[in-house]
Amino acid sequence: MIKKISDKDKQDWQDFIDSSDKLENKDNLNIKDPKSYAEKSIDLHGYSLDEANQKITSYINECFEKGINKINVITGKGLRSKNLNDPYQSKNLSILKHSVPNFIKGNNQLMSKIINIDFDAVENPTIGNFDIFLKRKK
């Protein structure tokens, strides 16, 4: 089924394109008071898989308790991972970049405190970090 676009829709679109009005940033809609928005970062470079999972678990819990809204998790791109030395790991995937977010996703206790994990950043081969957005403590 092909639906024809009405002249009114075309005109509305053209008016939108020609307009200098700025669109509201939807990312800011959840923030009632921008001054209370808090971010923290954690760098997991050099950690083993088990150490990274333990560290991120305690860090998410700590940030949730302190009212942190966003955590930037730095894992690196995995370009220097020693995956080739372990025949049970894929040489095409980094260790921490993919395993840490999947560990978090599989942990119901952690996910109960999380709004969203930026998996687009995880899948992007040029990015060595991802964001976790936390719920507000009740």
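The values are calculated or read from the model by the stated rules, or taken from the named source; none is laboratory data. These numbers were taken from a predicted model, which means no experiment stands behind them. All Cβ positions, even for glycine, are placed from backbone atoms using ideal geometry, and neighbour counts span all protein chains on display.
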Open item on the list: I'd like the full set of residues that are among the aliphatic types (A, V, I, L, M), loosely packed, with under 10 Cβ neighbours inside 10 Å and at pLDDT below 50, limited to the range 79-110.
Closed with: LEU84
Task: Residue ID - nearest to SER41 (Cα to Cα), chosen from residues in the range 116-138 that are part of a loop (DSSP other than H, G, I, E, B) and free of Cβ contacts under 8 Å to residues at least 40 places away in the same chain - done: ASP118
Task: Complete set of residues in the range 96-115 that are over 16 Å from ILE68 (Cβ atoms) and in contact (Cβ under 8 Å) with a residue 40 or more places away in the chain - done: LEU96, SER99, VAL100, PHE103, ASN107
- [ ] Under 9 Å between Cβ atoms, at least 6 apart or on separate chains: pull out the pairs that start in the range 4-24 with a residue that is in a helix (DSSP H, G or I) and end on any residue that is of a type in the set (Ser, Thr, Tyr) and at pLDDT below 85.
- [x] none
Open item on the list: On the basis of being surrounded by 12 or more Cβ atoms within 10 Å (Cβ to Cβ), out of contact with any Leu (no Cβ under 6 Å at 6 or more places or on another chain) and modelled with pLDDT of 80 or more, does LYS8 make the cut?
Closed with: no
